[in-house]
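Remarks on the structure that follows.
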């Protein structure tokens with residue numbers, strides 16, 4: 001039995017790929033399942049012999065339509081991850097001649113909230129009362145009386161008499177010898193040459209007689225009368241009366257109530273790309289061509305064949 005015989009409606013668009021599309025395969029949104037069935041059965045595998053997997057579902061040479069879903073599930077379980085990976089490569093964005101492409105990105109978000117509730121209250125008040133009343137009185141009086149009487153009488157009579165008699169006698173008597181010395185030749189000592197002897201006698205008398213008389217008479221009278229009176233009388237009085245009242249009162253109130261919220265974020269992205277020199281540009285262009293010469297659905301058709309057909313036909 002060939003594949004077209006097992007799936008008689010496959011050539012017109014109702015075959016195994018229609019059953020696969022109901023299970024959500026990677027190409028479901030991009031390619032029509034009926035077109036894939038027509039391509040697969042008419043061009044690729046319609047004449048291939050079915051594998052034992054299909055033969056086991058055949059009843060009286062007919063593959064029941066109800067078995068399509070089971071066969072499709074088996075195929076998907078085998079190749080689903082492979083097909084997803086391969087299909088994603090068709091949508092990559094890249095520069096074919098750059099073999100070095102790195103993107104480094106960092107995103108930082110932060111939120112900071114600061115809540116502050118505080119109340120400061122200060123009550124102050126004071127009253128000052130100053131009441132002064134006083135009297136200072138000073139009485140002073142002074143009386144000075146002075147009387148002075150002085151009477152001085154003085155009389156002096158004085159007589160001084162001096163009588164003097166003076167007699168003086170002087171007697172002078174004396175003898176004198178004089179040696180006349182001489183020195184011999186080459187002699188250090190003198191020897192008397194001649195001697196002269198003489199006598200002097202003097203006698204005299206001096207007499208003074210007289211009287212000195214001094215008379216002094218003095219009379220003095222001094223009389224002084226002094227009378228003085230000094231009087232001081234007074235009163236010093238100081239009267240002070242003062243009343244003062246000072247009052248202060250008040251309330252200082254400081255309230256802090258607020259919330260500061262800071263939210264921010266940022267990020268940066270670093271991209272490095274280019275050719276690091278390991279592969280030439282021509283080699284990369286050639287590899288790019290080979291990629292596009294490869295057909296994704298040819299790979300899918302081959303994978304389906306591996307499960308549903310024999311290796312020979």
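The values are calculated or read from the model by the stated rules, or taken from the named source; none is laboratory data. Everything numeric here is computed off the predicted structure, so don't read it as measured data. Positions of Cβ are backbone-derived with ideal geometry, glycine not excepted, and every protein chain shown enters the neighbour counts.
Listed here are the residues, each with its yes/no results for (1) without any contact (Cβ under 8 Å) to a residue 24 or more places away in the chain; (2) assigned to a loop (DSSP other than H, G, I, E, B); (3) in contact with a strand residue (DSSP E or B) (Cβ under 8 Å, 6 or more places away or on another chain); (4) in the same structural domain as residue 298 (by TED's automatic domain parsing).
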position	(1), (2), (3), (4)
8	yes, yes, no, yes
20	no, no, no, yes
26	no, yes, no, yes
35	yes, no, no, yes
40	no, no, no, yes
43	yes, no, no, yes
47	no, yes, yes, yes
53	no, no, no, yes
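Which residues, taken from the range 284-312, are surrounded by 15 or more Cβ atoms within 10 Å (Cβ to Cβ) and over 25 Å from residue 54 (Cβ atoms)?
Answer for the range 284-312, where residues must be surrounded by 15 or more Cβ atoms within 10 Å (Cβ to Cβ) and over 25 Å from residue 54 (Cβ atoms): just 284.
Looking at the range 20-57 only, could you name the residues that are closer than 16 Å to residue 83 by Cα and crowded, with 17+ Cβ neighbours inside 10 Å?
Once the filter is applied, which keeps residues that are closer than 16 Å to residue 83 by Cα and crowded, with 17+ Cβ neighbours inside 10 Å, the range 20-57 yields 20, 21, 25, 26, 27, 33, 36.
Of everything in the range 65-103 that's assigned to a loop (DSSP other than H, G, I, E, B) and under 60 Å from the mean Cα position of the chain (by Cα), which residue is surrounded by the fewest Cβ atoms within 10 Å (Cβ to Cβ)?
It comes out as 93.
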